[in-house]
1. At Asp30 and Asp142, where each label point lies 7 Å from the Cα along Cα→Cβ, what is the point-to-point distance in nanometres?
2. Residue by residue through the stretch 76-92, which ³J(HN,Hα) values in whole Hz follow from phi under the Karplus form 6.51 cos²θ - 1.76 cosθ + 1.60 (θ = phi - 60°), with glycine and proline marked x?
3. Helix 41-52 versus the longest principal axis of the chain: what angle, 0 to 90°, nearest 10, using Cα atoms?
4. Helix 12-21 sits at what angle to the longest principal axis of the chain, using alpha carbons and giving 0 to 90 degrees rounded to 10?
5. Which is the longest stretch in the chain that no exposed loop site breaks, taking sites as GluC sites (Glu not before Pro) with a DSSP loop state and at most 15 other Cβ atoms within 10 Å?
6. Name the trypsin sites (Lys or Arg not before Pro) in the stretch 126-194 that are in a loop by DSSP and that have at most 16 other C-beta atoms within 10 Å, would you?
7. Taking the simple approach of a point 7 Å from Cα along Cα-to-Cβ for both Ser114 and Glu160, what is their distance in nm?
8. Expressed in nm to one decimal, what extension gain is obtained for the pair Ala38 and Phe149 from 0.36 nm per residue of sequence separation less their Cα-Cα distance?
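The numbers here are math on the coordinates, done by the rules we state, and not lab data. Treat the numbers as computed from the prediction; the structure is a model and nothing was measured. Quick reminder, even Gly has a Cβ in these numbers, built from the backbone with ideal geometry, and neighbours come from all protein chains shown.
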Amino acid sequence: MAPHPDFPRFDMTAIDLSLARSIDAFALEDVTFRPEVAEDAAAIDAIHDVTFGPGRYSRTAFRLREGHAPDGPTSLVAVYRGSVIGSVRLTAIAVGETPALLLGPLAVLPALKSLGVGKALMRLSMEAARQRHHRLVVLVGDFPYYWPFGFRVVPAGRVELPGPVDPARLLWAELTPGASEGVAGLVRAIGPAV
């Protein structure tokens, strides 16, 4: 797959194969979670390449985030044996006039899926957003995966994205009770440009 044009090619094959061979020794306790930094961009893009493929560039949520920097304190990476193995990004948005965060993508290297890395990234990023006094997080994703983190399906007609989205996959989570009351309108990115 072709790398994102803004980032140099990052060889994930060697990292993914090395991690796959060490999967028997993998322990979540050995993973470090920290805020994303600029030097992580190529590794994150490579994880997105192997996880989502080039089709991600045409998805509405990707297009919405494009050109906007992720929210630094709430966008996290998981590091194992010196390699970035997963990430979650949150981007500042507005729903109508209400500030919120757009969560995604959440991605973990295929060799390390279903071992708790994604869930840990979710818990930590949601807590970081809460501690920074954000009130609402929106995402496009699978309800069964995200409901344990407080996400619910957005009521029909309340939120409009600038492109097609399956309404059953448009979710939000209140970080403070009542944060979604009266929230409605078009979603637009308001974070800093990259």
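1. Distance between label points: 2.7 nm.
2. Karplus values, whole Hz, x for Gly and Pro: 10, 10, 10, 10, 9, 6, x, 10, 6, 10, x, 7, 9, 10, 10, 10, 5.
3. It works out to around 80 degrees.
4. 70 degrees
5. Of all site-free stretches, the longest is 98-180.
6. Sites meeting the loop and neighbour criteria: Arg132, Arg158.
7. Modelled inter-label distance: 4.1 nm.
8. Extending this stretch completely gives an extra 37.3 nm.
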